[in-house]
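Since the structure comes first, as structure tokens, the remarks are kept for the end.
The values are calculated or read from the model by the stated rules, or taken from the named source; none is laboratory data. All figures in this text were calculated on a predicted structure; none of them were measured in a lab. Here the Cβ positions follow ideal geometry from the backbone for every residue, glycine too, while neighbour counts run over all protein chains shown. Heads up: the accessible areas ignore ligands, DNA and RNA and are worked out on the full protein's heavy atoms, side chains in. Shrake-Rupley method; radii C 1.70, N 1.55, O 1.52, S 1.80 Å.
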Amino acid sequence: MQVKKVQFSRQATTFYFDSAFGQLKKVVPQKTSVIVTDEHLAAAHPKLFKGWNTIVLKAGEEYKVQATVDSIIQQLIDLQADRTWTLVGVGGGVVTDMTGYVASIFLRGISFGFVPTTLLAMVDAAIGGKNGIDVGLYKNMVGTINQPQFLLYDVSLLKTLPESEWRNGFAEIIKHAAILDAPLFKELETAAAA
Ligand SMILES: NC(=O)c1ccc[n+]([C@@H]2O[C@H](COP(=O)([O-])OP(=O)(O)OC[C@H]3O[C@@H](n4cnc5c(N)ncnc54)[C@H](O)[C@@H]3O)[C@@H](O)[C@H]2O)c1
């Protein structure tokens, strides 16, 4: 595992690269943490969340809305979560955007971290501290800027990722490389040709 701490103006995020989901127990206390995930992840990795408080959301952008936020907050109240608890978003960008948002407003803000499970969330959505939800036709209309305490990368979770989601993630990587990183762009071209 490779650990890297990145300092932002007021907050720091610890990145656990090359990690495994099993390491999460060493990063956050299991009893006072709540995993937020979606139904596809829960179905694809049924044993992953054993022993964890878990909130399972319906999957998809159409659920990145206030009604889902309300339901997560109600489940946190039912679990008697307090300010010392941590929310862990395990999923794609929809899950991480909503988890970061709920953690930023629940009890005026509690700790949170992410285990991104799509390529897009690993390289983009889970990074940078932008959290939020959609309102009607407007994407990401409401939200916060608040950095996660940690990001834990377990690339083995990508084994169940649908083909279309691989393409979404690679589109973002290629875009980034084309704009800012010529060596990476070359590497992508070489790897694609192989
Ligand atoms: N906060 C930011 O800076 C930022 C940046 C880019 C995108 N986003 C947001 O990210 C969202 C898109 O994220 P996304 O592309 O990850 O989509 P997503 O979260 O909808 O995930 C895509 C699909 O893959 C499924 N899935 C996720 N991981 C899986 C796995 N390991 N195995 C099997 N299925 C899996 C999900 O259930 C879903 O059906 C959008 O809401 C977008 O606004 C945010």
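Quick notes on this structure:
- Axis angle, to the nearest 10 degrees, between helix 163-180 and the longest C-alpha principal axis of the chain: 70 degrees.
- The residues of region 53-144 expose, per residue, 43 Å² of accessible area to a 1.4 Å probe.
- Cα-based helix-to-principal-axis angle, 66-78 vs the chain, degrees rounded to 10: 50
- Cα-only radius of gyration and Dmax that characterise region 62-194, units Å: 16.5, 53
- Where both bridge residues fall in the chain, DSSP classifies roughly 35% of the beta bridges as antiparallel.
- Close amide H pairs (under 5 Å, H built 1.01 Å from N) link residue 86 with 33, 34, residues at least 5 positions away or on another chain.
- Region 128-136 - phi-based ³J(HN,Hα) in whole Hz, Karplus 6.51/-1.76/1.60, Gly and Pro as x: x, x, 7, 10, x, 9, 8, 10, x
- Net charge over other residues, Cβ less than 9 angstrom from the Cβ of residue 58 (K, R count +1; D, E count -1): -3
- Under 23 Å between alpha carbons - lysine pairs in the chain that sit 8 or more apart or on different chains: 26
- Cα lying deepest toward the dipole's positive end in the chain, options 90, 13, 155, charges on Cβ: 13
- Prolate/oblate/rounded label for region 1-64 (Cα gyration tensor, a/c 1.5): prolate
- Along region 36-41 the Karplus relation, 6.51 cos²θ - 1.76 cosθ + 1.60 evaluated at θ = phi - 60°, assigns HN-Hα couplings of 10, 9, 10, 4, 5, 5 Hz to successive residues, with x for each Gly and Pro.
- Residue 186 versus residue 160: modelled label distance in nm, points set 7 Å from Cα along the beta carbon direction: 3.9
- Taking the Cα centre of the chain as origin and assigning +1 to Lys and Arg Cβ atoms and -1 to Asp and Glu Cβ atoms, the resulting dipole is close to 680 debye.
- Only DSSP H runs of four or more residues enter the estimate; each adds -39500 (n - 2.57), and after division by the residues of the chain the mean residue ellipticity at 222 nm equals -10500 deg cm²/dmol.
- For region 8-22, backbone phi angles converted through the Karplus equation (6.51, -1.76, 1.60; θ = phi - 60°) give residue-by-residue couplings of 9, 4, 10, 9, 10, 10, 9, 9, 9, 7, 6, 9, 9, 3, x Hz, Gly and Pro being listed as x.
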